[in-house]
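Take a look at the structure below.
The values are calculated or read from the model by the stated rules, or taken from the named source; none is laboratory data. Bear in mind that the values here come from a model prediction, so they are computed numbers and not experimental data. Note that we place each Cβ from the backbone using ideal geometry, even for glycine, and neighbour counts take in every protein chain shown. Surface areas here come from the heavy atoms of the whole protein model, side chains and all, with no ligands, DNA or RNA. Shrake-Rupley method; radii C 1.70, N 1.55, O 1.52, S 1.80 Å.
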2 protein chains.
Amino acid sequence: MALPHAQSAQVVSVRPLDAALLPQTQSYAIIKAQQLEVMRVVLRAGELMRQHDTPGEITVQCLQGEVEFQLGQNVHLLRAGDLMHLQARAPHALRAVHDCSLLVTLCLLPL
Amino acid sequence: MALPHAQSAQVVSVRPLDAALLPQTQSYAIIKAQQLEVMRVVLRAGELMRQHDTPGEITVQCLQGEVEFQLGQNVHLLRAGDLMHLQARAPHALRAVHDCSLLVTLCLLPL
């Protein structure tokens, strides 16, 4: 599902996706501006996102479902309504416990 | 209500506040890191936040309630689950239609 990015000053929905549609929905960018990028990451139950990091700080907010968030030796469980902040370059990995969607906000620092 | 900031890699709730508690809850910072700041802004029905701007880009996500968001000549209505991105230095004002809480994420650029 290719969606155009929203523009600044445009109202966009970050409500939970319809549970029946979630399995066919790809992750997508919501906003990409100069300083901030916002995306909805969609993972199906059991799906993994291997360890990676980002150049800037991020926040991850669970919009629906449940995801295990591995950060170093620690695993955190995020459920709908939970938010976590990660430092720049913090390696992390994800595993969806249930179908889930996550709102990820990245700081796009000048490199 | 003075709450300590959450640390990075700490799971925090951004669920709606209990409707009975909202009227006594002050806005508070959730995270203040180097690049990103996250806060919950609480407004009671009819409450105004006068026109202001921020040095960096922001996103505003309505967590509960309803707020009118004035941006230039335009007024946008944000309900729970709506998100908006604002450019740096975009003057904006708010008026709560109903008691509401908003998740505001700011990019803290090096000044």
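How big is the B-A contact in terms of buried accessible area, both chains counted, 1.4 Å probe, rounded to the nearest 100 Å²?
It comes to approximately 3000 Å² buried between B and A.
Site-free segments of chain A were taken between trypsin sites (Lys or Arg not before Pro) in DSSP loops having at most 15 other Cβ atoms within 10 Å, sites themselves excluded; the longest one is A:45-88. Within the listed set A:Val97, A:Val60, A:Val14, the residue fluctuating most in the Gaussian network model of chain A (springs between alpha-carbon atoms under 10 angstrom) is A:Val14.
If you sort the three axes of the alpha carbon gyration tensor as a ≥ b ≥ c, you get a/c under 1.5 for the protein assembly as shown, which makes it rounded. The Cα trace of the range B:37-107 gives Rg and Dmax of 10.9, 28 Å, the first to one decimal, the second as a whole number. Roughly speaking, what is the centre-to-centre gap between the range A:1-55 and the range B:1-62 when only Cα atoms are used, to the nearest Å? The distance from the Cα centre of the range A:1-55 to that of the range B:1-62 comes to 22 Å. Quick check: net charge around A:Pro91, other residues with Cβ under 11 Å of its Cβ, Lys/Arg +1 and Asp/Glu -1? Charge balance near A:Pro91 sits at +1. Each other copy holds its own label point for B:His52; taking that point as 7 Å from Cα along Cα to Cβ, the gaps run 3.5 nm, nearest first. Using Cβ point charges alone (K and R +1, D and E -1), the dipole size of chain B about the Cα centre works out to roughly 120 debye. Ranked from shortest, the separations from the 7 Å Cα-to-Cβ label point of A:Glu68 to its equivalents in the other copies are 4.9 nm. Across the copies of the chain, A:Ala9 has label points (7 Å from Cα along Cα→Cβ) spaced 4.1 nm apart, shortest distance listed first. Other residues with beta-carbon under 15 Å from the beta-carbon of B:Leu71 carry, at +1 per Lys or Arg and -1 per Asp or Glu, a net charge of -1. Taking every C-alpha pair closer than 8 Å and separated by at least 6 residues, the mean separation divided by the residue count of chain A gives a relative contact order of 32 percent.
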